[in-house]
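Let me begin by presenting the structure, written as structure tokens, before commenting on it.
The values are calculated or read from the model by the stated rules, or taken from the named source; none is laboratory data. Given the structure is predicted, the values throughout are model-derived calculations rather than measurements. Every residue, glycine as well, gets a Cβ built from its backbone with ideal geometry; the counts of neighbours run over all protein chains shown. With ligands, DNA and RNA removed, areas are computed over all heavy atoms of the protein, side chains included. Shrake-Rupley method; radii C 1.70, N 1.55, O 1.52, S 1.80 Å.
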Amino acid sequence: MAKQRQPHTPTAQPAEAPQRPALQEVSQFLLLEREVELDHRPRMLEALQNKVNAVADSLPDQTPACSRCRQPMKRHDIESVSWEARFGRLHASVARYRCPGCKDERRPLLDLLGVEPGRISGSLARLLALLAVVAPYTLAAQLAGLLLGVKISPMGVWKVVQRLGESAARYGEGMSQYHADSRSEGASTREAPPAVVLSVDGSMLGMQVRQQRRRRQGRETLPPLPPVEEGHFQEVKTGVLLLPGERVETSPGRHSVVRRFLVSCLGNADDIFGHLYAQLRELGWLDTANTVVVIVGDGAEWIWNRTKMFVRRCEILDFWHALEHAWGFAQLLYGEGSQQADRWVHQIAEDLRAGKVQEVIARLQRMRPKTPELREKLQGLIPYYSEHVGRMQYDEYLRLGYGIGSGAVESAHKQVVHARFRQAGMRWSKAGARRLLALRLLLLNDHWALLDRLPMVAVA
Ligand SMILES: [Zn+2]
């Protein structure tokens, strides 16, 4: 019941004119901080330029070999290049070599430094990608100005994300391919846990209808995009890996985990399971002979079709999905929001938790609903439970500490996907979503440092 509000009594107008809320002077300390930063920026740039020059001077005057034909290349010319970095623009004169046969080109100094002429490189690129991983591109560009003092357009941030994201996505996919081969080497499984919980979830992303990005001609504004049509969605799947022993109850009924590893991709069921398997191997969490892989899923067929890849496994039908089906029937039987429906479902929940799934099914089978609609609903519920009996031994799972719900993956999926990819009006190209997703996972899995060891790749 809404609280009754007191009637609003207008206050008497004071005699004096209204005063704007006061602002204080910018504090002395804040001014000092800014002054030092502004003052040192050019000095940092200069110091960095000196270091780059020193590397250039120390470069041996050696003719590089062609990476394709292995023949020595020929010195072509000296090129003057520059690139954008954290403290400003750096310059260098670099020798360019060419292979007469293959026409391949190399610039040993740039290869050594790991920069691309004309582009944003180094730590600035990584920081911009970091901002874009947490905020939409326009906001990321704004944050770059406020946090880093770097002026950049949203398109500039987008470009950086494409080049680093492509690299991160290829690395993840490469890892998945590597572990798909039985000759691959995973981390040591000497400390492999007795059980690992794996759960998966999916949701849809609105995709761009156009294959090509729209380009603005001059100053005209682009017309708004049409609403996403049916069929222009793509499923993003997320998987979570965690150890049941690391699940802690933070407050009654609320659990959180100390560690969890997230895997996500725009792909089919085989792709997500390939990624999960690779991650298990990289973590050393899968000792095939001893580790029980506990798979929690909803009724979705694609999940259960792939769990056979784990020799020792325990399949669990998400408890809440199981109850949801009972709810649907109870509301039809007793009326939405009725106490009777509540009580009926509560009893089912109690019985399922106690491992009495067979009794629940028998009880449902004895029911004689009066309307065809109710009969139909019941005829859906009974086979759903019967089909998953082996995955509904909830008393056993609770006793073993495996948990019975897929809450972990649902919240993870929201964190990975919804929080960044499903904001109002967002539309994604397949390539753009794949790249940003790969970067977002690095951050959420606390692997961001890996990006230092991945190259920026040219993308079309
Ligand atoms: Zn060659």
- Calculate the radius of gyration of the Cα atoms of the chain to one decimal place, then report Dmax, the largest Cα-Cα distance, as a whole number, both in Å. 29.6, 92
- Normalised contact order of the stretch 338-460, rounded percent, pairs of Cα under 8 Å and 6 or more residues apart: 20 percent
- Item | Net charge contributed by nearby residues that have their C-beta within less than 13 Å of residue 328 (K/R +1, D/E -1) | -3
- Two pseudo-spin positions, 7 Å from Cα along C-beta at residue 324 and at residue 111, lie apart in nanometres by 5.4 nm
- Message: Can you tell me what share of the DSSP beta bridges in the chain is antiparallel? A percent to the nearest 5 is fine.
- Response: 75 percent
- Query: How many angstrom separate the Cα center of the stretch 147-183 from the Cα center of the stretch 239-261?
  - Reply: 29 Å
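Which whole number of Å³ per residue matches the convex hull of the alpha-carbon atoms in the stretch 363-460? Write down the numbers at each step before the final one.
Numbers: hull volume 20.6 nm³, N = 98.
Value for the stretch 363-460: 210 Å³ per residue.
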- With a 1.4 angstrom probe the carbon and sulfur portion of accessible area for the stretch 71-132, in percent, totals 50 percent
- Item | Label point at residue 373 placed 7 Å out along Cα→Cβ; residues across the stretch 331-367 whose backbone nitrogen lies under 13 Å | 331-336
- Could you provide, to the nearest whole Å², the per residue accessible area of the chain with probe 1.4 Å? 61 Å²
- Message: Going by average Cβ density within 10 Å per residue, which order do the peptides 370-380, 115-125 take, highest to lowest?
- Response: 115-125, 370-380
- Using a basic spin-label model with each label point 7 Å from the Cα along Cα→Cβ, how many nm lie between residue 270 and residue 155? 3.9 nm
- Task: For the stretch 22-61, give the percent of accessible area contributed by carbon and sulfur heavy atoms, probe 1.4 Å, rounded to a whole number.
- Result: 59 percent
- Return the whole-Å distance between the Cα centroid of the stretch 272-325 and the Cα centroid of the stretch 66-99. 49 Å
- Message: I'd like to know which of 449, 428, 397 lies farthest towards the positive end of the charge dipole of the stretch 387-458, counting +1 on Cβ of Lys and Arg and -1 on Cβ of Asp and Glu.
- Response: 428
- Query: Using r as the Cβ-Cβ distance of residue 182 and residue 308, and R0 as 22 Å, what FRET efficiency do you calculate, to the nearest 0.05?
  - Reply: 0.85
- Item | Contact order normalised by residue count of the chain, Cα under 8 Å, 6+ apart, percent | 16 percent
- Item | Dipole of the chain, positive end: most advanced residue of 32, 252, 241 [Cβ charges, Cα centre] | 32
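Is any helix in the chain, taking whole DSSP H runs, at least 27 angstrom long along its axis by alpha carbon and on average at least -0.5 on the Kyte-Doolittle scale, and which ones?
28-58, 154-180
Given Cβ point charges of +1 (Lys, Arg) and -1 (Asp, Glu) and nothing else, what value in debye, to the nearest 20, does the dipole of the stretch 298-446 about its Cα centre take?
660 debye
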- Added length on full extension, which subtracts the Cα-Cα distance from 0.36 nm per residue, residue 76 to residue 28: 11.7 nm
